[in-house]
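Novice: Following this message is one structure expressed as structure tokens.
The values are calculated or read from the model by the stated rules, or taken from the named source; none is laboratory data. Note that the structure is a prediction, hence the values are computed from the model and not measured. Note that we place each Cβ from the backbone using ideal geometry, even for glycine, and neighbour counts take in every protein chain shown.
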Amino acid sequence: MKLTVDDPLKSTHILGIDPGLSGAICFYEIATRRIQVFDMPVVNGRVDAAPLAQIVDQCSFQAGRRVHAAIEQVSSMPRQKGSFNFGVSAGIIQGVLGALGIPFTMVQPALWKGAVGLRKTVGETQAENKTRARELASKLWPEMAGEFKRVKDDGRAESALIARFAASKAGL
């Protein structure tokens, strides 16, 4: 995966997006490696487009419109309950980014997780893997550790790690 960034609008910020309903958005400043995290706005079991657009637009404005989004490429298992709503939510995220003119790249979970050392180990449960993601995010951003302390903060941690991975792949 190679992010493409056109000059003179070279990206100075990355939006890392974990698109699940318990997901999050991370606004990552490449030069300082500082982050801000936002829980995914949800209403009636789907991503809420209007507040998502406000978050993305605010971040884009702060970045001088030089932002690129990296979205975890998700898929559902056959006959998985809620897979239709999950797909709709993923589409809402892409639609909001498109409407706001934010370029984005889809990132496969195996790719970014492998690069940051979160590939599932033998016998590891998904919950244990998500705990490791929270622990890694807390280690990388100790000043933000409070944002990753709860079990339900795994989306925040993963969005931050996706953003960090994307910045490294953009060569920025």
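Novice: Return only the number of the condition from (1) within 28 Å of Ser11 (Cα to Cα); (2) loosely packed, with under 14 Cβ neighbours inside 10 Å; (3) among the acidic types (Asp, Glu) that Glu128 does not satisfy.
Specialist: Evaluating Glu128 over (1) within 28 Å of Ser11 (Cα to Cα); (2) loosely packed, with under 14 Cβ neighbours inside 10 Å; (3) among the acidic types (Asp, Glu) leaves (1) as the failure.
Novice: Here's something else I'd like to know. Take segment 30-61 and flag every residue that is part of a helix (DSSP H, G or I) and either farther than 21 Å from Gly155 by Cβ or of a type in the set (Val, Ile, Thr) (or both). Spell out the reasoning first.
Specialist: Restricting attention to segment 30-61, the residues satisfying the condition of being part of a helix (DSSP H, G or I) are 49-61.
Matches in segment 30-61: Ile55, Val56, Phe61.
Novice: Same structure again: Could you grab the pairs with beta carbons closer than 7 Å, sequence gap of 6+ or different chains, first residue in segment 27-41 and farther than 14 Å from Ala70 by Cα and of a type in the set (Phe, Trp, Tyr), second one modelled with pLDDT of 95 or more and not in a strand (DSSP E or B)?
Specialist: Phe38/Ile55
Novice: Moving to a separate point now. Any chance segment 96-103 includes a residue that's at pLDDT 95 or above, exposed (fewer than 14 other Cβ atoms within 10 Å of the Cβ) and of a type in the set (A, V, I, L, M, F, W, C)?
Specialist: Yes, because at least one residue in segment 96-103 is at pLDDT 95 or above, exposed (fewer than 14 other Cβ atoms within 10 Å of the Cβ) and of a type in the set (A, V, I, L, M, F, W, C).
Novice: Please enumerate the residues belonging to segment 21-71 that are surrounded by 22 or more Cβ atoms within 10 Å (Cβ to Cβ) and of a type in the set (Ser, Thr, Tyr).
Specialist: Within segment 21-71, Tyr28 is the sole residue that qualifies.
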